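Novice: Got a structure for you, questions after.
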Amino acid sequence: MAVVSVMAGLAMYSFYVPEAPALVKNQLANVKFFDVLAKTEVKALLLVCFLMALAHGAYYSFYSIYMVEHGYSKRVVAWLWTLGVIAEIAVFWLMPSITQRFSLKKIFLWGLLLAVLRFMLIGLAADFIVLLIVAQLAHGFTFGSHHAVTMSYIHRHFSGAHQAKGQALNIAVSFGLGGSLGGILAGLLWPQGGAMVFMLSACMALLGFGVAWVGINKNNT
């Protein structure tokens, strides 16, 4: 259910990604794929996506286990997951309005900052259900707005024949490499304590915030 909801949200938002002007498309038609990859903003974007997926590795692999360890029933854990999915879909639905009021970079940075706070709450306040609910509501931005903005950036930089390559590269770097490595590292470090692992997730998101702050063009809207 969660996976279907995520994919449905992404598909829904794709209809709101603006079509690039014809002139821009013509200008970029002869740009080589590796020339696009050489852009500072593109490299920063992919690195941030990798770090964000890396940060989420512990969440997707061990969140349920961590909650049960803190005494929550499986039913409560299921509701917490559901709350995160609902928040994510809500943000996808509201993204067209959000992007009209705020620049892509601001939305991107806020999503990363909320990821830092969210993983800190999960790691340090797992015994407080109200704070866990707040953390799950933040999923709408740490996943929803993050991936919606990423899609917009990919659409902007990878045009024409490079569009599919850009999308595939983003998936490989984030979900593939970042997500897989995050889950593996979380598994290796889990015996040291779940709280510590989620604090490391917060550190990865904070590093991503720094990369985005420096590497993403501040003039992007």
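Novice: Taking only protein heavy atoms into account and a 1.4 Å probe, give the accessible area per residue of region 95-180 in Å².
Specialist: Here the per-residue accessible area is 42 Å².
Novice: As a quick test, which of the pairs LYS43/LYS74; LYS74/LYS165; LYS32/LYS106; LYS74/LYS106 have an alpha carbon distance above 32 angstrom in this structure?
Specialist: Listed pairs above 32 Å: LYS43/LYS74; LYS74/LYS165; LYS74/LYS106.
Novice: Send over the per residue convex hull volume for region 147-212, Cα only, as a whole number of Å³.
Specialist: 79
The values are calculated or read from the model by the stated rules, or taken from the named source; none is laboratory data. Note that the coordinates shown come from a computational prediction; the quantities given were computed from them, not determined experimentally. Please note that ligands, DNA and RNA were not included when accessible areas were found on the heavy atoms of the full protein model with its side chains. Shrake-Rupley method; radii C 1.70, N 1.55, O 1.52, S 1.80 Å.
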